[in-house]
Amino acid sequence: MEFMDPLKLAFAMLMALDPELMSIISLSLVVSFTAVGAALVIGLPIGALLSSYRFPGRWAIITVSNTFLGMPPVVVGLFIYVLISRAGPFGWLGILYTSYAMMLAQFVLVLPISIALSRQVFETLNNEYTPLFLSLRTSKLNRVLVLISESRIALITIALACFGRAISEVGAVMIVGGNIRHSTRVMTTAIGLETSRGELAKALALGVVLLAIALSVNIASQMIRSKFERNIIND
Amino acid sequence: MIDISNILIVQTRDLTVVRNGKTLLDRVNLDIERGSLTMLLGHNGAGKSVLLRTLHGLMTKTDGQINGPPAKRQKIVFQKPILLRRSARKHFHFVCPGCPDKDTEAWFAHAGLQAQMDTHAHQLSGGEQQKLALIGALASQPSLLFLDEPTSHLDYESTTAIEQMIHDAHANGTTIIMTSHNRAQAERLAQQVLFIHEGQLLESRAAADFFHKPTDPIADNFLNHL
């Protein structure tokens, strides 16, 4: 295998719009974007609440979310597998070996990131704004909304961190998705499969495509970030 | 309940604040007249800011009584203005949500900030930021305004402009309680002086009398070094 072979192959596969590759790429993006979107929608308000209010169970939530930050993906995958397998408590959902199970696994993996990082961002801002909020008697809901709105640039970085974790995940989605061709095969599981088959050039080509996707998402988010910064300056 | 008369706007009885075993305010009794401009004086750490914040409800009292106008009729301006990360106009609308656009423009004109309405609040100069905080507080026409060293970091020009705005607000009937470390400023603005030392209110007198000759030796010594 020549050094440039994977690059050439990756380029050829992309240019040929290989249907299987396109379906793998689109499924990877749909699964990861959905998981990250859900994790942000749920995680950011939780992060804002944790940073702004003291309530019973607060430290338990912080401890659990921090613990899950370092949770190995295969353990998360196994845990979800047990829950949604036919004999498990949520077996009736019938989502094992579907993209929904993969979304759930990635969601569980990135939710703690979204909570922990947003809590840090909101806490700094909340400490600064608390006297103003108290003086204006700002409602709890308004405080959370203001914190999210004021942190929007930092939140893009959090979204990126979540996306990076989700799109690169392999262990959990392999366990709950099964890496089924045309159904639950995503970039990372496809790379694993091609490597095990000894198709290193193809595996590396898929890796290059994965890197290109990550790069594209980073560039897009950087553009959004710059737009926000320009808006803030011209606001 | 204390029977607060029409003459008084704020009254405290035995107001005490203790934090981590330290007494920050020690049985403070004060009467603030409606429409007055009262200057809180004292050394750093004497309890001036604690008193302002407790009167405004930002800190909880440990003991004693406070009688004053409802929270929505009070405003505070901090030594370092707290401004949202958005345009000056949007920040103003956040702190004064009901203000019509016409009034908003009038307030910005009053502060000489018409040209900065759409500038990011954090890109304003220190003096402009303090003016923005001040008009944000004044726009809802509070009956009681707390000012915590509003000009401590400002140059002469900004200080003069802020003092004029304070003077105008007072002339319009707003009761003002402020802190300052600037004797000249205190003499220019104050009608009444409260001198606090180690959480205790040692003097409460008309400003002219206080600056002529404080009765308490600690206050006298403080004034000599102010």
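Quick note: the coordinates plus some simple rules give every number you see, no bench work behind them. These figures come from a predicted structure and were not determined experimentally. Positions of Cβ are generated from backbone atoms using ideal geometry, with glycine treated the same way; all protein chains shown enter the neighbour counts.
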Which of the aspartates and glutamates could be linked to residue B:213 by a straight reach, that is with a Cα gap under 16 Å, when you skip same-chain ones fewer than 8 residues away? B:187, B:203
At a 10 Å Cβ-Cβ cut-off, how would you order B:101, B:209, fewest neighbours first? B:101, B:209
Of the listed pairs B:48/B:80; B:22/B:75; B:48/B:131, which have alpha-carbon separations greater than 25 Å here? B:22/B:75
As straight-line cross-link partners of residue A:8, the qualifying aspartates and glutamates (C-alpha separation under 16 Å, not fewer than 8 residues apart within one chain) are A:18, A:199
Using each residue's phi in the stretch B:135-144, evaluate 6.51 cos²θ - 1.76 cosθ + 1.60 at θ = phi - 60° and report the 3J(HN,Hα) Karplus result to the nearest Hz, with x for Gly and Pro. 5, x, 6, 6, 4, 8, 6, x, 7, 9
Rel. contact order, % - alpha carbon contacts under 8 angstrom, at least six apart, chain A: 31 percent
What is the average number of partner chain Cβ atoms found within 10 Å of a Cβ in A:122-135? 4
Sorted by number, the cysteines in the protein assembly as shown with no other cysteine beta-carbon under 4.7 Å are A:162
Among B:59, B:165, B:178, the residue with the largest mean-square fluctuation in a Gaussian network model of chain B built from Cα contacts under 10 Å is B:59
Can you tell me the dipole magnitude for chain A around its Cα centre, using point charges on the Cβ only (Lys, Arg +1; Asp, Glu -1), in Debye to the nearest 20? 700 debye
Provide A:145, A:206, B:189 in ascending order of the number of other Cβ atoms located within 10 Å of each residue's Cβ, fewest first. A:145, B:189, A:206
What is the dipole size for the protein assembly as shown, taken about its Cα centre, with +1 at each Lys and Arg Cβ and -1 at each Asp and Glu Cβ, in debye to the nearest 20? 1140 debye
Net charge of Cβ neighbours under 12 Å - reference residue B:17; Lys, Arg +1; Asp, Glu -1: +2
Checking the cross-link filter: which lysines have an alpha carbon closer than 24 Å to that of residue A:227, excluding same-chain neighbours under 8 positions apart? B:90
Quick one: if you stick a label point 7 Å off each Cα along the C-beta vector at residue B:6 and residue A:26, how many nm between them? 7.8 nm
Nearest 0.05, what FRET efficiency do residue A:200 and residue A:145 give at R0 = 45 Å with Cβ-Cβ as r? 0.35
Shielding by partners for B:77-87, please: the mean number of other protein chain Cβ atoms within 10 Å of each residue's Cβ. 4
Karplus couplings for the stretch B:65-79 from phi (6.51 cos²θ - 1.76 cosθ + 1.60, θ = phi - 60°), rounded to Hz, Gly and Pro as x? 10, 10, 10, x, x, x, 3, 6, 9, 10, 9, 9, 10, 8, 4
Modelling each spin label as a point 7 Å along the Cα-to-Cβ direction, I'd like the residue A:214/residue B:155 distance in nm, to one decimal. 5.0 nm
Residue (of A:32, A:55, A:138) at the positive-pole extreme of the protein assembly as shown, dipole from beta-carbon charges: A:32
Compute and list, largest first, the equivalent-ellipsoid semi-axes of chain B from the alpha carbon gyration tensor, each √(5λ) rounded to a whole angstrom. 30, 20, 16
Beta bridge orientation in the stretch B:74-226: antiparallel %, DSSP, nearest 5: 45 percent
For chain A, with a Gaussian network of springs between Cα atoms less than 10 Å apart, report the residue from A:103, A:13, A:174 with the top mean-square fluctuation. A:13
In 5 Å bins starting at zero, report the fraction of Cα pairs in chain A per bin as a rounded %. 1, 7, 12, 15, 15, 14, 12, 10, 7, 4, 2, 1, 0, 0
Ordered by fewest other Cβ atoms within 10 Å, a rough proxy for footprinting exposure, A:224, B:176, A:115 read A:224, B:176, A:115
Please list, in order along the stretch B:186-202, the HN-Hα scalar couplings obtained from phi with the Karplus expression 6.51 cos²θ - 1.76 cosθ + 1.60 (θ = phi - 60°), rounded to whole Hz, x for Gly and Pro. 4, 5, 5, 9, 6, 9, 10, 10, 10, 9, 10, 9, 6, x, 10, 7, 8
In a GNM of chain B with a 10 Å cut-off on Cα contacts, which of B:100, B:150, B:142 has the highest mean-square fluctuation? B:100
